[in-house]
1. For region 162-216, state what percent of all Cα-Cα pairs lands in each successive 5 Å bin, counting from 0 Å until the bin that includes the largest distance.
2. Using amide H atoms built in the peptide plane, which far-off residues or other-chain residues are under 5 Å from residue 62 H to H?
3. What ranking do 261, 313 get, fewest neighbouring Cβ atoms within 10 angstrom at the top?
4. Rg and Dmax of region 3-46, using alpha carbons, in Å: what are they?
5. If you wrap a convex hull around the C-alpha atoms of region 261-320 and split its volume per residue, what is the figure in Å³?
6. Quick one: of 101/169; 169/311; 114/311; 97/169; 33/114, which pairs are farther than 26 Å apart, Cα to Cα?
7. List, in order, the whole-Hz ³J(HN,Hα) value for each residue of region 288-304 obtained from phi through the Karplus relation with A = 6.51, B = -1.76, C = 1.60 and θ = phi - 60°; use x for Gly and Pro.
Amino acid sequence: MDIRTVAAEAGVSIATVSRVMNHVKTVDPKLSKRVWEVVNRLGYVPNTQARALVSGRSRLFGVIISDITNPFFPELIQGFEEKAVEVGYETMIGSTKRDLKQMELCIQRMLERKVDGVAVMTFGIEPLLLERLSLQGIPMVFIDVAPPGHAITPPPGKAISTISIDYEKGIREGVQHLAVLGHRRIGFLAGPRYLHTALAREHAFRRSIQAIGLALPEEYVFEGDHTAEVGMDGMSALLALADPPTAVMCSNDMTAIGAMHTALGAGLRIPHDLSVIGFDDIRLAQYMFPPMTSIQMSRRDLASAAVMALKAHIDESEDHPAPSNTGIETRLVVRQTTSIPRGALSDLKPGE
């Protein structure tokens, strides 16, 4: 069975069947429904290799991430794959492990598979990606790699989009939430400062603390690496201070999980003795005990924006569209790891 059989059964042209199966939006919905009914009834499965030879496209998107073991990334990839399937594409995944050689291998594999576009969410060596992929004319979308308002500059005629994340809103909400509860000593378990994302989150935290007039001793900020293990180390360092924080905000949820582990091991009750806020709102956050308050950015929105940016560049490449720049907001999700600091009620004066 081939595409000709489907076209004959549906009473349409081969070109129409092709457009329907490639999810071209200009096809009449009734016609599309008729074609899909025939496809499903006959059990037709297109030969992707043959389609690639005819169309010159692999119908394959690449996704390059920095660490597949971080729960944030599998959740992002799931959303990307689902959206890619909707528009007729498969997904190829590469994890760099923040290693230059691994990065080069990822790029080489994707070039060999002739991917139609690449979504990038890795850090520190974007120029290498830009050079290797753009020379092949492959559309790219950089997810939270360039600082907001500073789009990556592509070579002339190359299709590159950026998706930036507004850390300021969610982190400001988190700091204000803690301040309203009565916290005045708020620590921050940061990520590695060589990563744009980690540095952006730390800067947003510092600005938010300054905006409400709280002091931030430098020993209240601990630089980590976005892992639970170093989150444990950071929490130990903060608890060892003569006047430790009553609340801690973390640069990601894995750091927060490590911080909670150390605090609980030290005999502290969360949130009665220590309030904790994470960042990313991974699925695991809601199943922690107690469920973790976290700053959320929609991975579904991130994934959808990335897929549609790549699709737009492919569909409109002949028109040389300007690179798109999309912003994603963050917001605080309050659960059960924050409360008033211990002794706050007894410290209040009459009438307060």
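Rule-based calculations on the coordinates, nothing more; no lab input. Worth saying up front: this structure is predicted, and the values here are computed from it rather than measured. We place every Cβ from the backbone using ideal geometry, glycine too, and count neighbours over all the protein chains shown.
1. For region 162-216, the pair-distance distribution reads 4, 20, 29, 24, 13, 7, 2, 1.
2. Those lying under 5 Å, H to H, from residue 62 are 92, 116, 117, 118, 119.
3. In order of increasing Cβ crowding within 10 Å: 261, 313.
4. Here Rg and the maximum Cα pair distance are 9.0, 24 Å.
5. 90
6. Over 26 Å apart, Cα to Cα: 101/169; 169/311; 97/169; 33/114.
7. 5, 10, x, x, 7, 6, 8, 9, 9, 10, 6, 5, 5, 5, 4, 5, 4
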